[in-house]
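Here the structure is laid out as structure tokens; the discussion comes afterwards.
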Amino acid sequence: MNILITGASRGIGFHTAIAFCRQKTDRLILVARNSQKLASLKQECKKINPHVTILTVPFDIENLLSGDVQFLKLINDFTDSIDILINNAGLLESKQFELFSSESAQKIFNVNFFAPAQLIRQLLPLLKKSSNAHVVNISSMGGFQGSVKFPGLSYYSASKAALANLTECLAEEYKETAIKFNCLALGAVQTEMLSEAFPGYHAPIEPDAMADFIAEFASNGQRFFNGKIIPVALSTP
Ligand SMILES: NC(=O)c1ccc[n+]([C@@H]2O[C@H](COP(=O)([O-])OP(=O)(O)OC[C@H]3O[C@@H](n4cnc5c(N)ncnc54)[C@H](OP(=O)(O)O)[C@@H]3O)[C@@H](O)[C@H]2O)c1
């Protein structure tokens, strides 16, 4: 089983890699910009499961949008199929709507929407080679229709809503293939992203607990769900 996780250097992505290792996953591709953190994650994974084979790829996913081919070459050299892709890397910038520069608004959409979309496009040939492929896009309750909204998160939430919508569209477009597409709209999880955006707030869910859920859902959810945007939050609405 080949699993690719973006945003694996910290937070939810980091713990999701650990969770997969506990599930006895044998092959992981871990992507994020921070190479040191990826290297220490690899060590930790090996302690949990000495048989796991790990490719760490220090890479900025925004580079997928400027025609980078090196990334895909690395992946293709490592594997000829992908079973699970978790688009987890994300960027949150909180600011009053009118104060966003076009550049930072564009960057939020690049990291949260255009790069994951491009990654899916580039990995489609490998996903099609799996008999049970599952693409899990990590969105946010902020991008979930009818949920409580927070001031400052306009571009972040809109980019996550776009990712959620893309999930529904791809499930329809690729329904004749074995690939399933689902989206998890997460509520608050106690990570560095959250504490940077909301200092002093403590989330009801720790990243390792959310990661266990994500790893389990990514492994088995495609048997029951396709094209679904699933709110994973204790809050209502
Ligand atoms: N925490 C929450 O309450 C919460 C709630 C709803 C949704 N989410 C979503 O859950 C996902 C994980 O969130 P988190 O809280 O774990 O965030 P985090 O602690 O900030 O981790 C984000 C990860 O994404 C990576 N990343 C960011 N920009 C990247 C880029 N351009 N290229 C490659 N990797 C990049 C970071 O690694 P590097 O810096 O090493 O690149 C890091 O590993 C995000 O998509 C987030 O929007 C989180």
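Rounded to the nearest 20 debye, the dipole size of the range 39-138 about its Cα centre is 340 debye, using +1 on the Cβ of Lys and Arg and -1 on the Cβ of Asp and Glu.
A Förster radius of 22 Å, combined with the Cβ-Cβ distance separating Ser81 from Lys46, puts the computed FRET efficiency at roughly 0.45.
Considering only Ala233, Ala117, Thr177, and ranking their Cα positions along the charge dipole of the range 95-237 that arises from unit charges at the beta-carbon of Lys, Arg, Asp and Glu, the one farthest toward the positive end is Thr177. Accessible area ranking (1.4 Å probe, heavy atoms, ligands and nucleic acids excluded), largest first, for Ser235, Ser130: Ser235, Ser130.
Note on the chain: helix-only mean residue ellipticity at 222 nm, from DSSP H runs of 4+ residues weighted -39500 (n - 2.57) and normalised by residue number, equals -12500 deg cm²/dmol.
Both radii are taken from the alpha-carbon atoms of the range 1-56; with Rh as the Kirkwood radius, Rg/Rh is 0.90. The dipole here belongs to the chain: it is taken about the Cα centre, uses +1 on the Cβ of Lys and Arg and -1 on the Cβ of Asp and Glu, and is about 400 debye. Selection among Ile18, Gln36, Leu99 by position relative to the dipole of the range 1-140 gives Ile18 as farthest towards the positive end (Cβ unit charges, Cα centre). The candidates Asp77, Asp208, arranged from most to least accessible area with a 1.4 Å probe in the full protein assembly, appear as Asp77, Asp208. Volume per residue of the convex hull around the Cα atoms, evaluated for the chain, comes out as 121 Å³. Pairs exceeding a 23 Å alpha-carbon distance, out of Lys95/Lys149; Lys37/Lys128; Lys107/Lys149; Lys24/Lys47; Lys42/Lys128: Lys37/Lys128; Lys42/Lys128. Using +1 at the C-beta of Lys and Arg and -1 at the C-beta of Asp and Glu, which of Ser147, Ile108, Val135 has the Cα lying farthest in the positive direction of the dipole of the range 87-160? It is Val135, whose Cα lies furthest towards the positive end. For the set His15, His134, solvent exposure ranked by accessible area (probe 1.4 Å, protein chains only) runs largest to smallest as His15, His134. Both radii come from the Cα set of the range 19-148: Rg as radius of gyration, Rh as Kirkwood radius; their ratio Rg/Rh reads 1.00. For the range 1-149, averaging the sequence separation of C-alpha pairs within contact (under 8 Å, six or more residues apart) and dividing by the residue count gives a relative contact order of 25 percent. Largest GNM mean-square fluctuation among Phe20, Phe97, Phe225, using the chain with Cα springs under 10 Å: Phe97. For the chain, there are no membrane-span-like helices by this rule, meaning no whole DSSP H stretch whose C-alpha atoms cover at least 24 Å of axis and whose Kyte-Doolittle mean is 0.0 or above; this says nothing about an actual membrane.
The values are calculated or read from the model by the stated rules, or taken from the named source; none is laboratory data. Being a predicted model, the structure only gives us computed values, none of them experimental. Quick reminder, even Gly has a Cβ in these numbers, built from the backbone with ideal geometry, and neighbours come from all protein chains shown. Side chains are part of the model used for accessible areas, which takes the heavy atoms of the whole protein and leaves out ligands, DNA and RNA. Shrake-Rupley method; radii C 1.70, N 1.55, O 1.52, S 1.80 Å.
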